[in-house]
1. Go through the residues of segment 237-245 one by one and say whether even a single one is of a type in the set (A, V, I, L, M, F, W, C), within 15 Å of S299 (Cα to Cα), under 21 Å from the mean Cα position of the chain (by Cα) and open to solvent by 40 Å² or more (accessible area, probe 1.4 Å).
2. Among the residues of segment 348-355, is any buried (at least 18 other Cβ atoms within 10 Å of the Cβ), touching a Phe, Trp or Tyr at 6+ places or on another chain (Cβ under 6 Å) and not in a loop (DSSP other than H, G, I, E, B)?
3. Counting only residues that are within 18 Å of R348 (Cα to Cα) and charged (D, E, K, R), which one in segment 142-164 is surrounded by the most Cβ atoms within 10 Å (Cβ to Cβ)?
4. Looking only at segment 262-289, which residues are within 18 Å of the chain's Cα centre (by Cα) and not in a strand (DSSP E or B)?
5. Filter segment 126-178 for residues that are of a type in the set (S, T, Y) and more than 30 Å from Q381 (Cβ to Cβ); which is nearest to the chain's Cα centre (by Cα)?
6. Filter the strands (runs of 3 or more DSSP E) completely within segment 47-92 down to those with at least 2 residues that are open to solvent by 10 Å² or more (accessible area, probe 1.4 Å) and closer than 18 Å to L260 by Cα.
7. Of all residues in segment 96-139, which are at pLDDT below 95, hydrophobic (A, V, I, L, M, F, W, C) and in contact with a strand residue (DSSP E or B) (Cβ under 8 Å, 6 or more places away or on another chain)?
8. Looking at segment 227-261, which of its residues are among the small types (G, A, S) and either touching a residue at least 40 places away in the same chain (Cβ under 8 Å) or in a helix (DSSP H, G or I) (or both)?
Amino acid sequence: MCALLVTPARQDQDHELRVRTLSVPEYQSFLSRTPAASFLQHPSWARVKDLWRSEMVGWHCPGGEIEGAGLVLYRQFPGTRKYFAYLPEGPVADWSDPRIDRWLDPLMRHLRAAGAFAVRIGPSPAYRRWDAATAKAGTGTGRQISDVLATEVDPVGAALADRLRTRGWKRCGGEDDGDAQPRHVFRVPLAGRTLDELWSGLNQEWRRNVRKADKAGVETVLGTSADLPEFYRLLRITEERDGFRLGRSLAYYEQQYRVLNEEQPGRMRLYLGVHRGEILAAHTMISTGSRVWYQTGASADHRREVRPSNALQWRMMRDAHALGAYEYDMRGVPSTLDPDERSFGLLRWKLGTGGQVVETLGEWEIPMDGVANTALYKAFQAYLARR
């Protein structure tokens, strides 16, 4: 068998891989064998991002077996027939394979033929990790997570970063933070741990707040699509209070909830923290295969002392554990370790779960060869900056 992605490559064969468009059944069959794939690489995400043209592609050997795959989103540059090609947290690959030209080259040829002037990918390996104790000990005025010696450096991620750089790919975003997807995320390991061990992993403040919510009578329940308007109302309150804007509409979350759950019932869940009949907090969770993500959280400004968000997160961690997930991904955290920075509060809250700050490899971009494509790529970057 010839192999490149997901299955280990054999050394005695070096056949060129080919990229072709996959049907939805072909693509889903491949993903069923790769349970660690991001939800952003599932077919349903193309329906969430319906303003982008989409294509599912696969790498195959001469024998025809699909060895890797990716969901490509195409964004047309205004006034042209050219596209920016984006594979969010993809393609689904065994990134430890050192022979990346065997699949990068055919991918670029396929995307060029589809009209792409530039490509962005999101390789899955982690780059560095900091456990909660290390990150907390490194806090200080003006400090960044990159100033602290990592608990662990992933050799696959480090090697892949070098390979991409030598081929002209550039890491997106600034030095410390990502672009479309967060570069720094927070993950709570679940594999091999009991619920008692997860509980013990919470710091004293978290355990106290979960108990406080229970004593106050906070209920954690699963909501339905009918509760999304209330979730969105609380989200707008949260954005105003915490000083951020996600830029999403209620219709966006309604569509996301509908299409993800049409693909797989229960893929996206809405959790509600209810106290005295009132919804005080609402959080969303997405699960695929062996992975679970806490996506978006919202809470009211009043009755915060009953700690509904802590209660919801503890319920969601337990549910992720019951689903057999190997980790609970709490998504993005800021790179700052400065307690005086407003955004540090989010990191401090997540550190209390006892998980890890993970610097992913991030997203990488490259324009297609040619002066015209390079010029169009620069114009596209300027266009995005003005939006």
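1. Looking through segment 237-245, at least one residue is of a type in the set (A, V, I, L, M, F, W, C), within 15 Å of S299 (Cα to Cα), under 21 Å from the mean Cα position of the chain (by Cα) and open to solvent by 40 Å² or more (accessible area, probe 1.4 Å).
2. There is at least one residue in segment 348-355 that is buried (at least 18 other Cβ atoms within 10 Å of the Cβ), touching a Phe, Trp or Tyr at 6+ places or on another chain (Cβ under 6 Å) and not in a loop (DSSP other than H, G, I, E, B).
3. So, considering only residues that are within 18 Å of R348 (Cα to Cα) and charged (D, E, K, R), the one surrounded by the most Cβ atoms within 10 Å (Cβ to Cβ) is R143.
4. Residues satisfying the conditions are R267, G289.
5. T151
6. Answer list for segment 47-92: 53-60.
7. Once the filter is applied, which keeps residues that are at pLDDT below 95, hydrophobic (A, V, I, L, M, F, W, C) and in contact with a strand residue (DSSP E or B) (Cβ under 8 Å, 6 or more places away or on another chain), segment 96-139 yields W103, A126.
8. If the condition is that a residue be among the small types (G, A, S) and either touching a residue at least 40 places away in the same chain (Cβ under 8 Å) or in a helix (DSSP H, G or I) (or both), then G243, A251 are the ones that fit.
The values are calculated or read from the model by the stated rules, or taken from the named source; none is laboratory data. Predicted model only: the values in this text are computed from it and were never measured. A quick note on method: Cβ atoms are made from the backbone with ideal geometry, for glycine too, and the neighbour counts reach across all protein chains shown. Note: accessible area is taken over every heavy atom of the protein model, side chains too, but ligands, DNA and RNA are not part of it. Shrake-Rupley method; radii C 1.70, N 1.55, O 1.52, S 1.80 Å.
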